[in-house]
Amino acid sequence: MSIEVKFFASMRDLIGDDCEIGSETLKEHSISTVDDIWDHCARGKTRAENVLIAVNMDYVDGKTLVKEGDEVAFFPPVTGG
């Protein structure tokens, strides 16, 4: 199993393609939170504080624990005009 990570809109422009983290990588890199996932997939890029995060379609914060089978999504805040 793995964790599927998706980036939307400007997040995709910043990070690039979606990321999938397999079981071995989760263990090898001690990935247990959303913040850990960002660090692994974003390769050193800074995440703005207003970036929205969802795990399995529920809004969460960076300290949220993740497990195999989860889907994590990062997307910019919605703006209007």
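At a glance:
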{"item": "Residues of region 21-36 classified as polar (S, T, N, Q) and in contact (Cβ under 8 Å) with a residue 40 or more places away in the chain, total", "result": "1"}
{"item": "Search result, residues across region 1-56 that are more than 15 Å from ASP70 (Cα to Cα), acidic (Asp, Glu) and assigned to a helix (DSSP H, G or I)", "result": "ASP13, GLU24, GLU28, ASP39"}
{"item": "Condition broken by ALA48, with the remaining ones in (1) among the aliphatic types (A, V, I, L, M); (2) surrounded by 12 or more Cβ atoms within 10 Å (Cβ to Cβ); (3) without any contact (Cβ under 8 Å) to a residue 40 or more places away in the chain satisfied", "result": "(2)"}
{"item": "From ASP70, ASP18, ASP58, ASP39, residue being touching a residue at least 60 places away in the same chain (Cβ under 8 Å) and at negative phi", "result": "ASP70"}
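Readers should treat all values here as calculations from the given coordinates under stated rules, not as data from a laboratory. Everything quoted here is computed from the prediction, not taken from an experiment. Here the Cβ is made from the backbone with ideal geometry for all residues, glycine too, and neighbour counts use every protein chain on show.
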